[in-house]
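What follows draws every value from the coordinates through simple rules; no lab data is involved. Since the model is a prediction, treat every value here as computed from it, not as a measurement. Quick reminder, even Gly has a Cβ in these numbers, built from the backbone with ideal geometry, and neighbours come from all protein chains shown.
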Amino acid sequence: MPFPTHRPRRLRRTESLRGLVRETTLSTKALVYPLFVCPGTNVKAEIPSMPGHYRWSVDGLVEECQAAHDLGIPAVILFGIPEKKDEAGSGAYDPNGIVQRAIRAVKKAVPDLLVIGDVCLCEYTSHGHCGVIARTRDGEVENDLTLELLAKTALTQAQAGADIVAPSDMMDGRVSRIRRELDAHEFSGTAILAYAAKYASGFYGPFREAADSAPQFGDRRPYQMDPANQREALKEIASDIEEGADIVMVKPALPFLDVLALARRKFDVPLAAYQVSGEYSMIAAAAEKGWIDRERILMESLISIRRAGADFVLTYFAKEAARLLKC
Ligand code: PBG
């Protein structure tokens, strides 16, 4: 009797053997590319904490979207940086706002590319919060007034041609309010991707530099989820599905793989994960120092997010991963 009898290494000997028994795959079809758009023309301003990512004016954005599409990336998600911000975040729901103009231009130039609109007020409010501030309670974000503005934001994005709207604000009841608004205006075909389990995370730091959206006072803990909570995430996801979310998302990705895995087992709807700005910057910075192998680690992190249960991943590595998957 040879010892040991169990020899899993037999199936690890060559790449074709490993490929034969591989349990999870990563396809370019499962990547969504996040992009920042700002006013002006010919603007391509690098985001200091996210090397390789830029604030694009609409003209350059359209070219970047074309390049992503040429690589086989099926979708982009757009974030707007408006000309000016105000208390009520009016740039978010202006039919001619920066994101609405960008959506129109991208859909016109690259009609097959899916365009997702991020629905939130924080990039548009002068105070940097994701909703309007209550006059009565000290600095608190007012839930139900905010819902009206989010509904308008989603509608104007749908009218501009967004295929999917993605509320990322974490107000209570926003999915059903948005669904009702879209349906009432004959946009029943526009899907909702809900940032369902969105945690109050330090990993959003670089994004806030990119979007200039850091809260001017307080923080987002009164509306985003406590990183210590897992059961609560399942409740948030269940209620978003009940309210009409077509796709639900966990965010950030790598620090919350347990939540993703549980959600995959429990729910039967498409599941997305957002590998957020801080996750990108961490890998980019360590690689820049020569401490880790950038390509290897970005691919490992993406396959891990898929393995945990995400059907697709929003990632700043989208173009790079698409290129690597081609070879
Ligand atoms: C808007 C929004 C944020 C992100 C996506 N949508 C920022 C935040 O909640 O502060 C973060 C994405 C990232 O870090 O890449 N609310």
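Before moving on, here are some points about what is shown:
- Looking at the chain alone, DSSP beta bridges between its own residues are antiparallel in about 10 percent of cases.
- Anisotropy class of the chain from Cα gyration tensor, a/c 1.5 cut: prolate
- Take 51-61, 315-325, 259-269 and order them by the average number of nearby Cβ atoms within 10 Å per residue, most first; the result is 315-325, 51-61, 259-269.
- For region 74-223, with +1 on Lys and Arg beta carbons and -1 on Asp and Glu, the positive-most of Ala194, Pro222, Ala105 along the dipole: Ala105
- Computed lengthening from His6 to Asp212, 0.36 nm per intervening residue step minus Cα-Cα distance: 68.6 nm
- Between helix 58-70 and the chain there is an angle of about 30 degrees, using the helix long axis and the longest principal axis of the Cα atoms.
- Cut-off 14 Å (backbone N to label point 7 Å along Cα→Cβ of Gln66), residues of region 94-137: 105-113
- Based on Cα contacts under 8 Å between residues 6+ apart, the chain shows a relative contact order of 18 percent.
- Measuring between their Cα centroids, region 26-44 and region 213-252 lie 24 Å from each other.
- Hits among lysines - C-alpha to C-alpha of Lys44 under 22 Å, sequence gap 8 or more where chains match: Lys84, Lys85, Lys107, Lys108, Lys319
- Across region 11-57, Cα pairs under 8 Å and at least six residues apart give a relative contact order of 28 percent.
- For Asp183 and Glu232, the difference between the fully extended length at 0.36 nm per residue and the C-alpha to C-alpha distance is 14.7 nm.
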